[in-house]
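Quick notes on the structure that follows.
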Amino acid sequence: MTPQLRRGIAWLLVSELCYTVMRVAARAGANDLPWAEFAAARFFGGAIVAVVAARSRGISLRVGDHKNAWLRSLFGTGGAVALFHALGTKHIGVGDATVLYATTPLWVALLSGPMLRERVSAPVWGGIAVGFVGVAVLLQAGIAWTNPTALLVIAGAVSYAFALLRLRQLTGHETSEAIALQMSLTAGVILLAIAWPGIRPVRASAYVPLAAGSLAGGIGQLAVGRAYAQAPAARMSALTYSGVLFTYVTEAVMFRHAPGLAQSAGAVLVVLGGVLVSGLAARPAAAPPGAETGTEAPRARP
């Protein structure tokens, strides 16, 4: 293992730990702060982190491919709305919401054929099938098919998949910080508009969750960019699923809510399907001519 790969893995694990803190903080602050208000603060905090990071490195925050950058930001915001609504309304467990949102790579693989004209191999189709079997098991075991919040999270995962597909179509001249800034400001403004009719002063009891979620989300966003700058996404993409484990463990410790055996089985199948899809789709033979390794990796996340 090269030093660069070790640094990339370390940064990716840091990002998943930060996103775990963000998700748990959103649930912890749900009693004191509307979910949209919390999410808006998280993204405005992410914008500040992106600006500080860009200025410290002396890099540009300009975006050249406006069409794809805006579509990436809007679809990414759709995913963020779904996820933070689920985290803030308590109609679904934090770990279960994380697993359902982690179906994004499955949707990316499913949509890459019609949208990017990429060939999806039979083994990748097998990974997609395994992942969706896991979703079915999870919904049957602990969430219920009729739970609108669970279905909204799945819709959010589809929206985020469209965002990543648009990210792959960017010209490649935009920096991670520039994309993160546009995404953060877009999501922040839209979520603030959603929160505005019911906005209220922040209670003292919400200060810690709000600060922790905003800071952790911003640092996690930055850490993802650092990770994929160190090593190809194909060699690290499976590690993004460590966030599922981190979230389930943290949820069990903080909220005394542990998944049952069937829920755990569903989560394992979703993760296994995602890992198979990510690994198989990243093989050189499956890449389209001229494609850059790792461009499918998310450079900014909700």
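The values are calculated or read from the model by the stated rules, or taken from the named source; none is laboratory data. From a predicted model like this one, the values you see are computed outputs, not experimental measurements. Using ideal geometry, Cβ is built from the backbone for each residue, glycine included, and neighbour counts are taken over all protein chains shown.
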Of the residues that sit in segment 251-278 and are touching a residue at least 60 places away in the same chain (Cβ under 8 Å) and not in a helix (DSSP H, G or I), which one is surrounded by the fewest Cβ atoms within 10 Å (Cβ to Cβ)? G260
Among (1) outside any helix (DSSP H, G or I); (2) free of Cβ contacts under 8 Å to residues at least 40 places away in the same chain, there is one condition A30 misses while meeting the rest; what is its number? (2)
May I ask you to verify whether I48 is in contact (Cβ under 8 Å) with a residue 40 or more places away in the chain, more than 22 Å from A80 (Cα to Cα) and more than 14 Å from the chain's Cα centre (by Cα)? no
Pull out all pairs, ordered by first then second residue, where Cβ-Cβ is under 8 Å, the residues are six or more apart or on different chains, the first lies in segment 106-126 and is touching a residue at least 60 places away in the same chain (Cβ under 8 Å), and the second is assigned to a helix (DSSP H, G or I) and aromatic (F, W, Y). L106/F132
Residues of segment 96-116 satisfying the condition of being assigned to a helix (DSSP H, G or I), buried (at least 20 other Cβ atoms within 10 Å of the Cβ) and among the small types (G, A, S): A97, A109, S112
Read through the list (1) among the hydrophobic types (A, V, I, L, M, F, W, C); (2) assigned to a loop (DSSP other than H, G, I, E, B); (3) over 19 Å from E174 (Cβ atoms), then give the number of the only condition that V81 fails. (2)
Against the definition (under 14 Å from the mean Cα position of the chain (by Cα) and farther than 23 Å from Q182 by Cα), how does L5 come out, yes or no? no
The residue that is farthest from the chain's Cα centre (by Cα), considering only those in segment 193-218 that are surrounded by 12 or more Cβ atoms within 10 Å (Cβ to Cβ), not in a loop (DSSP other than H, G, I, E, B) and not hydrophobic (A, V, I, L, M, F, W, C), is S205
Quick one: how many residues across segment 172-192 are more than 17 Å from R55 (Cα to Cα), surrounded by 19 or more Cβ atoms within 10 Å (Cβ to Cβ) and either in contact with a Gly (Cβ under 6 Å, 6 or more places away or on another chain) or not β-branched (V, I, T) (or both)? 4
Selection within segment 53-76 - of a type in the set (G, A, S) and either surrounded by fewer than 17 Cβ atoms within 10 Å (Cβ to Cβ) or without any contact (Cβ under 8 Å) to a residue 12 or more places away in the chain (or both): S56, G58, S60, G64
Look at R62 and say whether it is on the phi < 0 side of the Ramachandran plot, outside any helix (DSSP H, G or I) and not small (G, A, S). yes
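Table: residues versus (1) in contact with a Phe, Trp or Tyr (Cβ under 6 Å, 6 or more places away or on another chain); (2) within 30 Å of H173 (Cα to Cα); (3) modelled with pLDDT under 95.
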| site | (1), (2), (3) |
| --- | --- |
| L12 | no, yes, yes |
| W35 | yes, no, yes |
| N68 | no, yes, yes |
| L71 | no, yes, yes |
| I92 | no, no, yes |
| L111 | no, yes, yes |
Any idea how many residues of segment 240-274 are in contact with a Leu (Cβ under 9 Å, 6 or more places away or on another chain) and among the charged types (D, E, K, R)? 0
Could you please find all residues in segment 145-172 being at pLDDT 90 or above and of a type in the set (V, I, T)? T149, V153, I154, V158
